[in-house]
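Remarks on the structure that follows.
The values are calculated or read from the model by the stated rules, or taken from the named source; none is laboratory data. Source: prediction; values computed, not measured. Backbone-built Cβ (ideal geometry, glycine too); neighbour counts: all protein chains shown. The protein model used for the area step is the full one, side chains on, heavy atoms only, and it has no ligands, DNA or RNA in it. Shrake-Rupley method; radii C 1.70, N 1.55, O 1.52, S 1.80 Å.
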Amino acid sequence: QATLTLLRIDGYDEMIAKRGFRAAEQALLFMSQALRVSVRDTDHIARYGRDVFAALLPEATESDAAAVIARVRGEIA
C-alpha cells in the first residue's frame with residue numbers, strides 16, 4: 001500500500017500579484033523545506049505543478065498521510 005498526497009500553496013497567484021515572484025519563490029522554498037523535514041527517508045516528494053507538491057508515502061495509511069500534512073502545516077506556521 002502507498003499513499004499519494006498533493007499539497008497546494010493557498011493563495012499562490014494572489015501572492016504573486018501582491019508581493020511579486022520573490023515572495024512566491026520563498027513560499028516554494030518554505031514548502032519544500034517543510035516537506036523534507038516532515039517525511040521519512042523512504043518517502044518521495046516532487047514538485048507537481050506551479051503551486052503543488054506531491055508526496056508519495058510508501059506503506060502509509062490515510063492517517064499516516066494526514067499526520068505528514070499536519071507536520072508540514074506546523075513547520076510552515
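Work out how much length E62 to E14 would gain on full extension: take 0.36 nm times their residue separation and subtract the Cα-Cα distance, in nm to one decimal. Walk me through the numbers on the way to the answer.
Values: separation 48, 0.36 × 48 = 17.28 nm, distance 3.06 nm.
So the chain would gain 14.2 nm between E62 and E14.
Whenever you get a sec, compute what percent of the accessible area on the chain sits on carbon and sulfur atoms (1.4 Å probe).
After summing per-atom areas, the C and S share lands at 52 percent.
I'd like the projected area of the chain, averaged over all directions, using the convex hull of its alpha carbons. Report it in nm² with one decimal.
4.7
State, as an integer percentage, the relative contact order of the chain based on alpha-carbon contacts under 8 Å between residues 6 or more apart.
Working: 87 pairs, mean separation 35.4, N = 77.
About 46 percent, as a whole number.
In deg cm²/dmol, rounded to 500, what helix-only [θ] at 222 nm does the chain give when every DSSP H run of at least 4 residues adds -39500 (n - 2.57) and the total is split over its residues? Don't skip to the end; give the middle numbers.
Values: 3 runs with 41 residues, N = 77.
Mean residue ellipticity, 222 nm, calculated: -17000 deg cm²/dmol.
With r as the distance between the Cβ atoms of F21 and D41 and R0 = 35 Å, compute the FRET efficiency 1/(1 + (r/R0)^6) and round to 0.05.
On the way: r = 32 Å, r/R0 = 0.92.
Result of the calculation: an efficiency of 0.60.
Say the dipole of the chain comes from +1 at the beta carbon of Lys and Arg and -1 at that of Asp and Glu; which of I69, F21, L6 then lies farthest toward its positive end?
F21
Taking a 1.4 Å probe, which of D64, D51, D10 shows the most accessible area, and what order do the others take after it? Each step should come with its number before you reach the end.
Working: D64 65, D51 35, D10 110 Å².
From most accessible down to least: D10, D64, D51.
How long is the gain from Q1 to R71 if the chain were fully straight, where each residue apart is worth 0.36 nm and the alpha carbon distance is subtracted?
Details: separation 70, 0.36 × 70 = 25.20 nm, distance 2.13 nm.
So the chain would gain 23.1 nm between Q1 and R71.
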